Structure formats: structure tokens, C-alpha cells
Amino acid sequence: MNPWQTLSSEEKYDNRWIQVVEHQVVNPAGGKGIYGKVHFKNKAIGIVALDKEANTWLVGQWRYTLDEWSWEIPEGGGALHADPLESAKRELKEETGLIANQWTMIQRTHLSNSVSDEEGFIFLAEDLTQKESELEDTEADLKVWKLPLAEALKMVQDGKITDSLSVIGILKVGRMKGY
């Protein structure tokens, strides 16, 4: 049972990706307060692509929100009503040009559940074929890097990869593959 009581809600911001709502609440201890919630209009999708030689692919780009460069697994948004696997296939092809014949959903996750409802899905993509990428306008500076999975694991352990989908996906695949 939900111990929170919502007294009222007011939309504070809305665009095609997110909506921010402020809720007047009664918390579990009985005190009144406010709670802000960021509603995501897409699912977060991440893909760890792995070839037969245990190489994986990272994509690097400048993240406006962080004001820094970020190395990540291929990832993006999938419509809330869409099959996460279909979104994963699209994102992998778009960012790396890779097409996978074998897909495994390895993790469902909530990325910042204290303030948002963002739900993420991480896939392992194997049996890969290289084609041309199909980058979006926001990805014009995207760099693609093929490297051994062991090196990506070290980057996570050294704090050089900080994106949550990437950390979760790389660690999970590392464990699945015996690293």
C-alpha cells in the first residue's frame, strides 16, 4: 500500500521528452510537503554489443547536461508504447551501424527513482554484422570505439564510464561472460 497521499498536482514544465509535475503531498510520517516528479516520455534503451572476439562498442559524445564528454554503450530513447527490443535494434544500427542476429534482454532498471519514473532496458546484442550508421542531428559529434570488453570493464572500475545504463550493462555482461 502506498503510504504517500497526494493532495494536488500541478504541471510545471512540459516538452516532447519530459514533463515536470509538482505534487502537494502528505508523507508517510503525516507531514505535508512537496514532491517533484519528472515523467519521461520515452523508455531508456541501452545495448552492449559483443562480437565473437569479446570486443564491444562504445559511443562517445559531449553531454550537454553534464558539460563533459561521455563514453557510453549505444543507447537512446524508445517510445513508451513500443517494444524495447525494436527500439534497441534501431538504436544500435543508428549509432554504430551494427545489426545483431542474437538479442538478450539482460536488465530492466529505474534510473533515478527518487525524482523520476524513467524506466530503462539493457540488451546484449551478439552475432553482429557491420553496416552504415544512421546518426541523428544531435549525434553529429558522436565517436564510435570498438574495444575489448575487458577494457570497457576497466573503464567502469576506474570511473571513466559513469553513465548508469553503461555501468549496469557492462558489469552485467562481464559477469555473464565470466570476467
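The values are calculated or read from the model by the stated rules, or taken from the named source; none is laboratory data. No experiment lies behind these values; they were computed from the predicted model shown. Reconstructed Cβ throughout: ideal geometry from the backbone, glycine too, with neighbour counts over all protein chains shown.
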Problem set entry | Test set (1) outside any helix (DSSP H, G or I); (2) over 16 Å from the mean Cα position of the chain (by Cα); (3) surrounded by 14 or more Cβ atoms within 10 Å (Cβ to Cβ) - Ala125 fails condition number | (2)
Exercise. Scanning for something among the acidic types (Asp, Glu), out of contact with any helix residue (DSSP H, G or I) (no Cβ under 6 Å at 6 or more places or on another chain), in contact (Cβ under 8 Å) with a residue 40 or more places away in the chain and part of a strand (DSSP E or B), does segment 114-122 turn up at least one residue?
Worked result: yes
Seminar exercise, completed: Ala82 vs (1) surrounded by fewer than 19 Cβ atoms within 10 Å (Cβ to Cβ); (2) in contact with a Lys or Arg (Cβ under 7 Å, 6 or more places away or on another chain): all pass except (2)
Problem set entry | Leu149 vs. criteria at pLDDT 95 or above, in contact with a Gly (Cβ under 8 Å, 6 or more places away or on another chain) and farther than 24 Å from Pro84 by Cα | no
Problem set entry | Count of segment 84-113 residues which are over 17 Å from the mean Cα position of the chain (by Cα) and either of a type in the set (S, T, N, Q) or closer than 20 Å to Ser164 by Cα (or both) | 2
For this session: Within segment 26-79, count every residue that is part of a loop (DSSP other than H, G, I, E, B), of a type in the set (Val, Ile, Thr) and either surrounded by fewer than 17 Cβ atoms within 10 Å (Cβ to Cβ) or not assigned by TED's automatic domain parsing to the domain that holds Leu111 (or both).
Result: 1
Exercise. Before we move on, is Gln61 farther than 25 Å from Ser166 by Cα and polar (S, T, N, Q)?
Worked result: no
Exercise. Of these, Thr138, Thr129, which one is closer than 24 Å to Gly78 by Cβ, polar (S, T, N, Q) and at pLDDT 95 or above?
Worked result: Thr129
